[in-house]
Amino acid sequence: MKLSESWLQEWVNPHLSRETLCSKLAMSGFEIEEVQLLADDAVIDFAITPNRGDCLSVRGMAREISAITEADFTAPSFNAVTPTIPDTIAVRVEAPESCPRYTARIIRGLSNTIQTPVEIRDRLQKSGLNSISLVVDIVNYVMLELGQPMHAFDLDTIHREVIIRHAKPQEKIQLLDGSEKTLDTETVCIADSEKPLAIAGVMGGLDSGVRSLTTHILLESAYFAPTMIAKQRQRHLLHSDSAYRFERGVDPTIQREAIERVTHLLLTHAGGSAGPVVEVVHETSLPPLKTITVSAKAVKELLGISIDAAVIESIFTRLQCPFTTSSHETWAIEVPTYRFDLAIPEDVIEEIARLYGYENIPTQPLEATLQAPTAGEADHTAALRDRLCATGYHEVISYSFIDQKLQTLLDPAQPAVDLLNPISTEMAVMRTNLFGGLINTYLYNHSRQQQRIRLFEIGTCFTRTDGVLHQVQKIAGLSGGAVAPAQWGTASRAVDFYDVKGDIESTLHPICNKLNFKKESHPALHPGQTAGIYVGDQKIGVLGVLHPQIQQTLDIQEKIVLFELDLNFIKFINQPIYKEISKFPEIRRDLALLVNQTVPVEEIQDRIRLAAGSCLCDVFVFDVYQGKGITPGHKSIAVGLVWQHPTRTLVDDEINVSLARVVAELREQLGITLRS
């Protein structure tokens, strides 16, 4: 924000050189982007952080300079204008949560053709604003002076009353920048009895705007909720000085003062007669007054040094924060209405450190008791990352917030958590799973001629249940393109469900070799190629091919396979148990089983392990056959069984008894017979 030095000096004069002042401001967190030296003045360009909306005015910066330099803050006084005409307009606020305070005043008989006074025009130009007309220039001047955005309507274009309401569906308005916007019910507008006049707090309408021949105006000065302004500015892709200030927080108590200041300047320079101020206030919707309690003990614990109580109290005075003191060096601070950034004790302690001087806080080495962690979640996470990388996957890190449409497409059943102040419409909600970031990264790389893509991400997902926000750490992966790099020895084929299933099994094998895959459904995955991933009865994730409809919507031409695992599953997995490898020989037997094709192989293996006894060390499938000689609806499965004892050699009689139990178990429980 650019301000002229001479304008600031009307409010505060620290009696410091310009270089010293800029240095002190920089040390307190206000970066000076540029100082432009002029013949009779200087223009200082302040970099204001988003949390300090109170500094987006001459008064705000003067208050800050006063606090930092301990110079006297000499705010000019503005007297209320005595109405000379009785004219008023009815004001109705139908959206009090978005506009808890609205003031308006009619001024008749002014002249908007008079040239703006040189001083006002000069200060606007130095602040980066062009001179437009006398009325608009004065409104902008007071916005820069006090920090309150306002708007002037041509009174002759307003029908009967002013209504602050939500727009009707498909309602249209042509704005001052020439654009036409189609409004929705999420947009708060200023309207009369027939039509919208402005998008509240963002931009006025062209039809109701002040022109050179305008003689009667309606002045508006209001407080709008920051989150509402931010949402509709981004929804309609608009930028204005008013919205810039409203979404960072405007003092909710200065609306009448600002309208009186504009009225005084207009009557002085443009003539005319002013009516009474109409004010509508919904106290319960205004930001509540805040009191924060801070103790000297908390200051010492956070900053690492003791600061004298008198010094702390002088800082509160410089910040214009009234306070009361208890007998235990504890202060109850009343937060000024313009300081939206002060919400918790740590915020106040940060202000104490800032004004005490960071350079006065000695540098001390950090001391801590360090303890090597036991094998646990952190170790497993690092190991999973290493094994996925070794398998050919590349780790990506994406934003935790994604586009609402993509989120709904991938997880329609889970309501997403909206961001109060999103960066853009493409980053409006928090992700409920990691698929969105992986798919966006896949699309980005595929559009750049990358034909074989393996990605994984470890990150936090956000869900809300019964009003409670839950954060869950997950690991997810995506595989698309050829299963192997181009080569001469093996024919190329696309990756499929079983390739990624194998990747998961090999990745998790060191910490869990008893994974179960059960047929399930997921809204983002193919209904016939999706499985839940289980450890015992505990579901730990999902695996599947991207749903064809989603694939078509996103214009993805090839099959991609996705998986996602909940990292909390590590809590349910026992640490590996190591035992000595047996020195005694293995014994293997093979069975050819005639099985109904609906019976899962996993269930067959489980039944074999149950019946074969503790010496069975492996059971695996090495052949599957369907065709001539096999009953329709059945398949022949060849299974290998391996026994081994840890302390002695097994004999054939023991193996035969065990094998008989296996055959009986399969026949009785699953209807499986030996193939002749």
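Any idea which residue in region 29-38 is nearest to Y244 (Cα to Cα), counting only those that are assigned to a loop (DSSP other than H, G, I, E, B) and under 29 Å from the mean Cα position of the chain (by Cα)? The residue in question is F30.
Yes/no matrix, rows are residues, columns are (1) part of a loop (DSSP other than H, G, I, E, B); (2) hydroxyl-bearing (S, T, Y); (3) modelled with pLDDT under 95:
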| position | (1), (2), (3) |
| --- | --- |
| M61 | no, no, no |
| C99 | yes, no, no |
| T116 | yes, yes, no |
| I138 | no, no, no |
| H151 | no, no, no |
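Can you report the number of residues in region 597-634 which are touching a Lys or Arg at 6+ places or on another chain (Cβ under 8 Å) and more than 20 Å from L659 (Cα to Cα)? Result for region 597-634: 4. Among the conditions (1) within 18 Å of L438 (Cβ to Cβ); (2) within 30 Å of the chain's Cα centre (by Cα); (3) surrounded by 15 or more Cβ atoms within 10 Å (Cβ to Cβ), the only one that T507 does not satisfy is (2). Per this entry, Q170 is counted among residues that are part of a loop (DSSP other than H, G, I, E, B), within 33 Å of the chain's Cα centre (by Cα) and surrounded by fewer than 24 Cβ atoms within 10 Å (Cβ to Cβ).
This table checks each residue for (1) exposed (fewer than 13 other Cβ atoms within 10 Å of the Cβ); (2) over 27 Å from S521 (Cα atoms); (3) free of Cβ contacts under 8 Å to residues at least 60 places away in the same chain.
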position	(1), (2), (3)
A382	yes, yes, yes
L388	no, no, no
T391	no, no, no
V396	no, no, no
D403	no, no, yes
Q407	no, no, yes
L410	no, no, no
P415	no, no, yes
P422	no, yes, no
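Of the residues R105, R92, which single one is under 30 Å from G128 (Cβ atoms) and among the basic types (K, R)? So the residue among R105, R92 that is under 30 Å from G128 (Cβ atoms) and among the basic types (K, R) is R105. Evaluating F435 against the criteria (1) over 27 Å from L238 (Cα atoms); (2) at pLDDT below 90; (3) within 19 Å of the chain's Cα centre (by Cα) leaves one unmet condition, (2). Scanning region 418-474 for residues that are part of a loop (DSSP other than H, G, I, E, B) and either in contact with a helix residue (DSSP H, G or I) (Cβ under 8 Å, 6 or more places away or on another chain) or in the same structural domain as H236 (by TED's automatic domain parsing) (or both) returns L419, L420, N421, P422, S424, A428, R431, T432, N433. Annotation: L238 fulfils all but one of (1) surrounded by fewer than 19 Cβ atoms within 10 Å (Cβ to Cβ); (2) part of a helix (DSSP H, G or I); (3) at pLDDT below 95; the unmet one is (2). Scanning region 223-253 for residues that are of a type in the set (A, V, I, L, M, F, W, C) and in contact with a helix residue (DSSP H, G or I) (Cβ under 6 Å, 6 or more places away or on another chain) gives F224, I229, A243, F246. Selection over region 39-59 of residues that are touching a residue at least 60 places away in the same chain (Cβ under 8 Å), out of contact with any strand residue (DSSP E or B) (no Cβ under 8 Å at 6 or more places or on another chain) and not in a helix (DSSP H, G or I) gives a count of 5.
The values are calculated or read from the model by the stated rules, or taken from the named source; none is laboratory data. Treat the numbers as computed from the prediction; the structure is a model and nothing was measured. In this analysis, Cβ positions are derived from the backbone assuming ideal geometry, glycine residues included, and neighbour counts consider all displayed protein chains.
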